Amino acid sequence: QVQLVESGGGLVQAGGSLRLSCVASRSIFSISTMGWYRQAPGKERELVASFTSGGTANYEDSVKGRFTISRDNAKRTVYLQMSGLKPEDTAVYYCNLVWSGERYWGQGTQVTVSS
C-alpha cells in the first residue's frame, strides 16, 4: 500500500504560479511511473505531466513550457511547478504512481485560476 498526500493548491490570478507537492508514504526511488493528473468539472481526468520508465518527463500539450514535473527521492516527493497559469488550468490535481502493479491516487488538491 502507498498513501499519497498532495498539497499546494489554491486560488491564483491568471499568469500566476503555484507549486504542487505529493508526498508518498514509501520510498519512490525505485518507482518510475508517476505523474500528475487533473480533472475539471464536467470533464474526464487527464494526464498533465509524468515521468516515463526511462526517466524522462512528458507533458500534455497545453502545459508544455509552463509546467515542470520534478522529484526528490530523499523526500519521497513529486512536484509540479506551474507558471503562467490560465483559467482553463482550473481543476482538481491528483498525484499518481504505479507500484508493484497497483495504481495509487492521492486525494487531490484544488487549483483555481481567476481571470
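The values are calculated or read from the model by the stated rules, or taken from the named source; none is laboratory data. What you see is a predicted model, and the numbers here were worked out from it, not measured in a lab. Because the Cβ atoms are built from the backbone with ideal geometry, glycine has one as well, and the counts that use them run over all protein chains shown. When the accessible area is computed, the model is the full protein with side chains, heavy atoms only, and any ligands, DNA or RNA have been set aside. Shrake-Rupley method; radii C 1.70, N 1.55, O 1.52, S 1.80 Å.
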(message) With every atom except the alpha carbons ignored, what do you get for Rg and Dmax of the chain, in angstroms?
(response) 13.4, 42
(message) In whole percent, and with a 1.4 Å probe on the protein chains, what portion of the accessible area of the chain is carbon and sulfur?
(response) 48
(request) Quick one: which residues, 5 or more positions from residue 28 or on another chain, have an amide H under 5 Å from its amide H? H modelled 1.01 Å from N in the peptide plane, none for Pro or chain starts. (result) 76
(request) Mind running the shape call on segment 44-100? Use the C-alpha gyration tensor, a ≥ b ≥ c as the square roots of the eigenvalues: rounded below 1.5 for a/c, prolate if a/b tops b/c, oblate otherwise. (result) prolate
(message) Going by amide H atoms built from the backbone, whose H comes under 5 Å of the H on residue 71, apart from near neighbours?
(response) 79
(request) Return the sequence-ordered ³J(HN,Hα) values of segment 26-35 in whole Hz as given by the Karplus equation 6.51 cos²θ - 1.76 cosθ + 1.60 applied to θ = phi - 60°, using x for Gly and Pro. (result) 9, 4, 10, 4, 9, 8, 9, 9, 8, x
(message) At a threshold of 8 angstrom on Cα-Cα distance, excluding pairs fewer than six apart, so keeping six or more, what relative contact order does the chain reach in percent?
(response) 37
(request) Quick one: what are the phi-derived ³J(HN,Hα) couplings along segment 43-54, Karplus 6.51/-1.76/1.60 with θ = phi - 60°, whole Hz, x for glycine and proline? (result) 10, 6, 5, 10, 6, 9, 7, 7, 9, 7, 4, x
(message) Please compute the modelled spin-label separation between residue 98 and residue 17, points set 7 Å along Cα→Cβ, answer in nm with one decimal.
(response) 3.2
(request) Quickly work out the residue 39-to-residue 114 label distance, labels modelled 7 Å from Cα along the C-beta direction, and quote it in nm with one decimal. (result) 2.6
